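Working notes, beginning with the structure itself.
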Amino acid sequence: MSTALESKVRIQREDFSVTDEIEFMKKSSRNIGGITTFLGTGRETSKGESISELNFEHYPQMAEKKLGEIREKAIKDFGLIDMSIIHRIGHIEIGENIVLIIACGEHRQETFKACEWAIAELKRTTPIWKRETTTKGEVWVQATP
């Protein structure tokens, strides 16, 4: 999928700029008074094991569709002005960006609630799978909190 700042729902291999993405979202409306972001990054330990490598795979088209549904539901249910969801796939280095959710609203309350709901819903329903390589071998990670 495109990495240009043209789509508010993207799955891509390339990294993204959090600053550029926020600036793009701020152009959605002059009535935005609160922006909440969630940035997920690759960590070096999981369940007490050192991680040497992270890989993400997805079900093409279905994953994008699900992220679009999450975005639309968050906007409707939480009264947001706008939302953006970006998720990377492929090989991810420890410390690199994985997922970014930006929730924009008139006030902060709805953006915090929407952002938290969106990441939980993404992990629960979106066909994106994480494989960690540890000292004990490769592990497909089940849904996490």
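The values are calculated or read from the model by the stated rules, or taken from the named source; none is laboratory data. All figures in this text were calculated on a predicted structure; none of them were measured in a lab. Backbone-built Cβ (ideal geometry, glycine too); neighbour counts: all protein chains shown. Heavy atoms of the whole protein, side chains included, go into the accessibility calculation; ligands, DNA and RNA do not. Shrake-Rupley method; radii C 1.70, N 1.55, O 1.52, S 1.80 Å.
Placing one identical point scatterer on every Cα of the range 1-103 and ignoring solvent, what is log10 I(q)/I(0) from the Debye formula at q = 0.21, 0.22 Å⁻¹? Values, matching the q order: -1.13, -1.20.
Cross-link check: pairs 8/73; 47/113; 66/123; 26/130 evaluated at a Cα-Cα cut-off of 22 Å; pairs beyond the cut-off: 47/113; 26/130. Helix 108-125 and the long axis of the chain differ in direction by around 40°, with both axes built from C-alpha atoms. Free of any trypsin sites (Lys or Arg not before Pro) that DSSP assigns to a loop and that have at most 12 other C-beta atoms within 10 Å, the longest stretch within the chain is 48-135. The residues of the chain have, on average, 56 Å² of accessible surface per residue, using a 1.4 Å probe with all protein chains present. Only the Cβ atoms of Lys and Arg (+1) and of Asp and Glu (-1) were treated as charged; on that basis the dipole of the chain about its Cα centre amounts to roughly 400 debye.
Beyond 15 Å, what share of the Cα-Cα pairs of the range 85-145 remains, rounded to the nearest whole percent? The answer is 60 percent, as a whole percent.
Dividing the summed -39500 (n - 2.57) terms of all DSSP H runs of n ≥ 4 by the residue count of the chain sets its mean residue ellipticity at 222 nm at -10000 deg cm²/dmol. A crude spin-label estimate for the pair residue 59 and residue 139, with each label 7 Å from Cα along the Cβ direction, gives 2.5 nm.
Axis of helix 62-78 versus longest Cα principal axis of the chain: the two differ by about 40°, to the nearest ten degrees.
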